[in-house]
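Inspection log for the structure reproduced underneath, given as structure tokens.
The values are calculated or read from the model by the stated rules, or taken from the named source; none is laboratory data. Only a predicted model underlies this, so the values are computations on that prediction, with no experimental measurement involved. Don't worry about glycine lacking a Cβ; one is built from the backbone with ideal geometry, like all the others, and counts go over all protein chains shown.
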């Protein structure tokens with residue numbers, strides 16, 4: 001097998017098997033319907049397995065669909081559920097915030113274990129020796145980040161992609177790229193991993209966002225978020241109508257997180273705020289030779305590169321902030337982390353009362369350590385945020401507004417989120433973008 005994979009549309013026979021397996025997958029986990037029928041199938045001869053890219057394309061080796069080495073329809077359905085799981089759980093974005101360089105093999109196993117844990121709970125039949133938390137020596141019910149940290153020491157130096165023991169090959173002879181549908185009985189190992197959509201390296205033959213297959217380009221991030229929301233609603237409704245035990249606990253937890261909508265429309269607020277802080281609007285791109293285009297062959301062409309927007313979040317933890325207020329603040333932090341305008345590795349959190357605590361670089365809200373309880377002087381927190389290196393483009397302040405404010409604007413654009421105190425919003429600096437949100441009930445903290 002070579003590292004060259006040339007993709008194409010599925011043939012009529014291949015598409016027939018794919019559609020049949022998709023219906024089997026739907027029967028097993030009907031709440032996945034929007035995702036299963038939204039992915040864009042692409043034939044990838046020689047891939048040896050299934051994989052996904054960041055743009056919701058599903059790469060299928062035709063040899064696994066038809067012919068002597070084909071998987072059963074049930075195995076194909078299981079692999080479809082598994083690959084869709086990578087996209088729903090935004091494994092690519094979550095991998096990007098881990099310490100770099102990333103061990104792609106360790107992350108592939110960790111992400112596979114997170115998915116397969118729920119597939120088992122849903123009654124989906126997995127092959128012999130699947131990648132599970134137990135197989136990695138971990139407790140079930142955890143997150144991929146937890147599993148990754150536990151096994152990283154065994155996979156610090158990944159083999160080169162395409163070599164024996166690389167991204168697609170499981171140490172015990174199974175198959176990590178699909179993570180569920182082992183090809184050990186179908187004539188050999190898969191050579192490649194689960195693709196860029198899983199947080200691993202892009203497999204040979206992966207298309208860029210604008211490329212089309214069958215007249216369809218890849219799915220954009222906003223549409224992908226909508227698909228995730230529709231699936232989350234279906235998970236919640238299914239659990240409500242058929243009983244909580246009908247949906248894996250991990251999927252219910254995932255759905256609850258997706259459907260917890262922040263009060264502030266961060267995508268819009270941040271884009272407006274950062275237009276004045278950087279020379280181009282968030283989400284726009286420019287050409288750069290720092291990362292040449294993947295279309296380059298004999299001649300190098302510049303690639304499109306977007307701005308790296310750095311955000312510092314200052315959370316008021318003074319005694320005047322109740323538990324409900326802090327719950328509201330943390331919900332807004334979650335909103336910042338979800339926004340497409342900001343990569344999570346560029347978010348820093350500072351907690352402040354009369355003094356600023358040490359900066360915390362976080363990727364999950366539950367990682368934030370709330371330190372404080374005294375009086376409030378947000379001038380201290382804002383100054384500490386401005387002093388970060390590299391300096392932030394945007395400083396977001398979350399508090400009740402009962403604080404002195406700086407008299408003049410700093411280098412970063414200031415966004416003030418006033419919680420449960422509409423009157424205090426009038427005292428916020430005129431040079432800041434100010435929004436108000438209600439406090440949350442104390443029981444939610």
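Below is a table of values for the structure above.
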| quantity | calculated |
| --- | --- |
| Options 65, 36, 98, 105; residue that is crowded, with 24+ Cβ neighbours inside 10 Å, under 21 Å from the mean Cα position of the chain (by Cα) and in the same structural domain as residue 140 (by TED's automatic domain parsing) | 105 |
| Subset of segment 403-431 [in a strand (DSSP E or B) and under 12 Å from residue 382 (Cβ atoms)] | 413, 414, 415, 416 |
| Filtered residues of segment 403-425 (kept if surrounded by fewer than 18 Cβ atoms within 10 Å (Cβ to Cβ) and at pLDDT 85 or above) | 404, 406, 407, 408, 409, 410, 411 |
| Matching option when the condition is under 27 Å from residue 41 (Cα atoms), modelled with pLDDT under 85 and either within 21 Å of the chain's Cα centre (by Cα) or not in a helix (DSSP H, G or I) (or both), among 263, 209 | 209 |
| Segment 218-249, residues that are at pLDDT 90 or above and more than 16 Å from the chain's Cα centre (by Cα) | 218, 230, 233, 234, 235, 236, 237, 238, 239, 247, 248, 249 |
| Segment 1-27, subset surrounded by 15 or more Cβ atoms within 10 Å (Cβ to Cβ) and modelled with pLDDT under 95, residue farthest from residue 59 (Cα to Cα) | 5 |
